[in-house]
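Working notes, beginning with the structure itself.
The values are calculated or read from the model by the stated rules, or taken from the named source; none is laboratory data. The model shown is predicted, which means the values in this text are computed figures rather than measured ones. Positions of Cβ are generated from backbone atoms using ideal geometry, with glycine treated the same way; all protein chains shown enter the neighbour counts. Heavy atoms of the whole protein, side chains included, go into the accessibility calculation; ligands, DNA and RNA do not. Shrake-Rupley method; radii C 1.70, N 1.55, O 1.52, S 1.80 Å.
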Amino acid sequence: MNKTIKPLVGIDKVKFGMTREQVMAVLGKPDEIAEDQQYGETPDDTTTVFYYDNGISCSFEKSEKYRLTEISFEDDEEYNIDGKIKLGMGMKEAISAAVELFGEEETEDDLTDDIEEGSLLRSFSFYEKNVSLWFDGDKEGEEELVTIQIGPQWTEDENEIVWPK
């Protein structure tokens, strides 16, 4: 599988808007399926399929007729965006590359208080390309890119998804 992540589109033959069955036809049987999850304040139920050996999870929202709306990548340093953003790289280098690629400033969300003491967890979101970069580390060293999340493009008023072709 080609491990180049395409923001707003997907990865390799997996594209936003696919059904769970279509994704499974490409990636095979998942290691786990978590149905009817709710995240944060989102009222929508979500089903997530996990491919642990591939380091991929794919989420399907009920409000979008259970079409693919988010892909997360972790545990494999070959996953990359344009060869410039790769899992395992340091936070400063990854953020600099993301600003260069996406041409926008990021929004930071510090989740350090939600995890064990002495650890850091931060995410940076690039809304124009619907990319979130998650960094983990400790207060002694450099934070490392541990997860890349991508989603599809939304209309300007954020009321409708523009599915890739």
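Quick rundown of the values:
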{"item": "Tally of residues being at pLDDT 95 or above and either open to solvent by less than 40 Å² (accessible area, probe 1.4 Å) or out of contact with any Cys (no Cβ under 8 Å at 6 or more places or on another chain) (or both) across region 61-73", "result": "6"}
{"item": "Tabulated pairs, region 1-23, first closer than 16 Å to K62 by Cβ and among the small types (G, A, S), second assigned to a helix (DSSP H, G or I) and open to solvent by less than 60 Å² (accessible area, probe 1.4 Å), C-beta under 9 angstrom, 6+ apart or interchain", "result": "G17/E64"}
{"item": "Which numbered condition S72 misses (of (1) part of a strand (DSSP E or B); (2) closer than 14 Å to F126 by Cβ)", "result": "(2)"}
{"item": "Region 8-25 - residue that is charged (D, E, K, R) and assigned to a helix (DSSP H, G or I) and, of those, farthest from Y66 (Cα to Cα)", "result": "E21"}
{"item": "One residue from G151, G137 being open to solvent by less than 50 Å² (accessible area, probe 1.4 Å) and modelled with pLDDT of 95 or more", "result": "G151"}
{"item": "Residue match in region 75-92 (condition: modelled with pLDDT of 95 or more, open to solvent by less than 70 Å² (accessible area, probe 1.4 Å), within 17 Å of I150 (Cβ to Cβ) and in contact with a Cys (Cβ under 8 Å, 6 or more places away or on another chain))", "result": "no"}
{"item": "Qualifying residue in region 37-57 (condition: buried (at least 19 other Cβ atoms within 10 Å of the Cβ), over 17 Å from the mean Cα position of the chain (by Cα) and modelled with pLDDT of 95 or more)", "result": "no"}
